[in-house]
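The values are calculated or read from the model by the stated rules, or taken from the named source; none is laboratory data. Keep in mind that this is a model prediction, so the values were computed, not measured. Reconstructed Cβ throughout: ideal geometry from the backbone, glycine too, with neighbour counts over all protein chains shown. Quick note on the areas: whole protein, heavy atoms, side chains included, nothing else; ligands and nucleic acids left out. Shrake-Rupley method; radii C 1.70, N 1.55, O 1.52, S 1.80 Å.
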Amino acid sequence: MSEILKIGLGGGCHWCTEAVFQSLKGIHKVTQGYIKSDNENNYFSEAVIVQYEPKIILLRDLIEIHLHTHKSTSNHSFRKKYRSAIYYFSVSDKKNIEIILKELQKEFNDPLITQIIPFKEFQSSRKELLNYYFSDPEKPFCKLYIHPKLAMLKEKYNKLTL
């Protein structure tokens, strides 16, 4: 079996984030819930843990898609619930993420507010909320918020989508 790595991603609604990353090649598993970090980020915020095969999809691709599928430059009033973050599991991941984020900043007019912070703890969403989009893509929330993200994903990242 290929090497499986993991990264935590938070920014918008975890139902949306879950659906985006479930739609990509090389994704082994997406776990939806809440992640907390440390210091000023020691509270739970909506996020997912993405397990992926780096031989199929690169960390850079995951981060780029993440930045383009949530408001990664907007410091809005719901940031406590929807922290824009990339959660790392090792110091070497942190260094790679810093380089990638600096490089991807060129794609945005406004500064990225996405934090690079350590993963500390995870709490899963309730069972009935897991696999939210793919359990019923015709829900009004899915049509309004998730469909457009998946359409953009297919258009901009077609080679990486299922």
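Name the lysines eligible as straight-distance cross-link partners of K156: C-alpha to C-alpha under 20 Å, and not fewer than 8 places from it in the same chain.
List returned: K25, K71, K106, K143.
Which one of P54, V91, F44 is farthest out on the positive end of the charge dipole of the chain, using unit charges on Cβ (Lys, Arg +1; Asp, Glu -1) and the Cα centre as origin?
Going by the Cα projections, it comes out as F44.
If we count every other residue with Cβ under 13 angstrom of H28's Cβ, Lys/Arg +1 and Asp/Glu -1, where does the sum land?
+2
Less than 12 Å apart at the alpha-carbon level, and either on another chain or at least 8 residues along: which aspartates and glutamates does that give for K55?
Leaving aside aspartates and glutamates fewer than 8 places away in the same chain, those within reach of K55 are E3.
Hey, any idea what % of the chain's accessible area is carbon plus sulfur with a 1.4 Å probe?
Carbon with sulfur: 52 percent of the solvent-accessible area.
Taking the range 34-139, which chymotrypsin sites (Phe, Trp or Tyr not before Pro) meet the DSSP loop condition and have no more than 14 other C-beta atoms within 10 Å?
Y43, F78, F89, F108
Taking a probe of 1.4 Å, how large is the accessible area per residue of the chain, in Å²?
54 Å²
Loop-only check: which trypsin sites (Lys or Arg not before Pro) in the range 60-157 are DSSP coil with at most 11 other Cβ within 10 angstrom?
K80, R126
Pick from L62, L24, L144 the residue whose mean-square fluctuation is largest in a GNM of the chain, springs joining Cα atoms under 10 Å.
For the chain, modelled as a Gaussian network with Cα springs under 10 Å, the answer is L144.
Could you list, in their original order, any pairs among K6/K95; K127/K159; K127/K154 whose Cα atoms are separated by more than 20 Å?
K127/K159; K127/K154
Where nothing but the Cβ of Lys and Arg (+1) and of Asp and Glu (-1) is charged, how large is the charge dipole of the range 41-162 around its Cα centre, in debye to the nearest 20?
Here the range 41-162 has a charge dipole of around 180 debye.
Once the Cα gyration tensor of the chain is diagonalised, what are the square roots of 5 times its eigenvalues, in whole Å and ordered largest first, as equivalent ellipsoid semi-axes?
In descending order, the three semi-axes are 21, 19, 17 Å.
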